[in-house]
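Worksheet for the structure shown next.
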Amino acid sequence: GKHLLSLLELSTDEITQLIDVAIGLKKMQKQGEPHHYLKGKTMAMIFEKSSTRTRVSFEVGMNQLGGHALFLSRDDIQLGRGETVPDTAKVLSRYVDGIMIRAYEHTAVEELAANSSVPVINALTDDHHPCQALADLMTLYEVKGTFAGRKLAYVGDGNNVAHSLMIACAKLGVDCSVASPEGYEPKKEITELAMDIAKETGAVIEVLHDPHAAVSGADAVYTDVWTSMGWEEEQEIRLQAFQPYQVNSELMSSAKSDAIFLHCLPAKRGEEVTAEVIDGPQSYVFDEAENRLHVQKALMVALMG
Ligand code: CP
């Protein structure tokens, strides 16, 4: 079957189609129209890490589509006690119509997909966060109305979210400027893949160290946390390295005057973004979080419908 492990596997048309369907589903949900396209289907959701948005949006989305979602914490299933990923994939494939997984290692998700006869959806690995980037680009499209010629600036940690945004932007013809401190740039091999894709769409994908240069002329300014659970030892070093990369009103003033602010959440006010920006009029972070629901419903229908 077809999986969604990263946005590399989707064509530009497939991405725009998912966003179009998501906008349609959003309208149906708002108007209270039933859309039970996955009636009787079940999706397993494996979580190796905690989650608010991903867990709730997938589970609620599946319910709204008439299906059922099954939450499986890694520690509650035999995977956490040494059952192999291939055996887990083969067993779950006999019970459910799709598997969503949030894992640390991208290779674990690839292994799961290689051994699964039902679609596998990557809901975040150390390398990719494709569902997030789909919701982000959907939000940009809803607010700005076009992709071509738009510019998104990503400021901060060159992480999984940055990777998926670079790929999504490259595919959709959106310029993407990343500004990260030295040593925290996006992975070289993923950056090069995005730059290669961008040759076909004419998008400019660049990785800089100057946040003002990256934000200059941007339609959207995006950031993500600098520190999170499990990085306690690195915390002080990271806070110091990332300090010049805070998204505040001064940095926002380098973007277009009608630029929007995006953040995948959860956020730490006073670290990567000031309260003034994330709670201000340019912020679309809660629309962005909502769009996870709609775009993932479109994705589940495409893969399991
Ligand atoms: N943005 C995101 O993936 O949020 P959660 O970690 O809460 O799922």
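The values are calculated or read from the model by the stated rules, or taken from the named source; none is laboratory data. From a predicted model like this one, the values you see are computed outputs, not experimental measurements. Positions of Cβ are backbone-derived with ideal geometry, glycine not excepted, and every protein chain shown enters the neighbour counts. Ligands, DNA and RNA are stripped out before the accessible areas are found, and what is left, the full protein with its side chains, is counted by its heavy atoms. Shrake-Rupley method; radii C 1.70, N 1.55, O 1.52, S 1.80 Å.
Below is a table of values for the structure above.
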item	result
Cβ-placed point charges (K, R +1; D, E -1), dipole of the chain about Cα centre in debye, nearest 20	1240
Cα Rg, Dmax, the range 65-118, angstrom units	11.0, 34
Kirkwood Rh in Å, taken over the chain so that all alpha-carbon pairs contribute	19.6
Inter-site label distance for Met229 and Arg269 at 7 Å from Cα along Cβ, in nm	2.2
Mean residue ellipticity (222 nm) of the chain, computed from DSSP H runs ≥ 4 via -39,500 (n - 2.57), nearest 500	-13500 deg cm²/dmol
Cα-Cα P(r), the range 19-97, percent of pairs per 5 Å interval	3, 13, 20, 20, 17, 12, 7, 5, 1, 0
Ratio Rg/Rh [Cα only; Rh per Kirkwood] for the range 216-305	1.07
Nearest 10 degrees, 0 to 90: helix 160-172 Cα axis against the chain principal axis	90
Computed Rg/Rh of the range 182-236, alpha carbon atoms with Kirkwood Rh	1.04
Per-selection metrics, the range 1-140 (Cα): Rg and Dmax in Å	15.0, 46
When the range 128-264 is reduced to its Cα atoms, the Kirkwood hydrodynamic radius in Å	14.7
Helix axis angle, 53-64 relative to the chain longest principal axis, alpha carbon, degrees	50
Chain lengthening between Thr52 and His36 when straightened (0.36 nm per residue, less Cα-Cα)	3.4 nm
Dipole magnitude of the range 168-305 about its Cα centre (Cβ charges: Lys, Arg +1; Asp, Glu -1), debye to nearest 20	440
Tilt relative to the chain, helix 12-30 - C-alpha long axis, 0 to 90 degrees, to 10	80
Accessible solvent surface per residue of the range 167-291, calculated while the other protein chains remain in place, 1.4 angstrom probe, Å²	46
With every protein chain in place, the range 1-147: carbon and sulfur % of accessible area (1.4 Å)	49
Values of log10 I(q)/I(0), in the order q = 0.15, 0.25, 0.29 Å⁻¹, for the range 1-51 under a Debye, Cα-only, solvent-free model	-0.69, -1.07, -1.04
Range in the chain, longest, excluding exposed GluC sites (Glu not before Pro) [loop by DSSP; at most 11 other beta-carbon atoms within 10 Å]	1-181
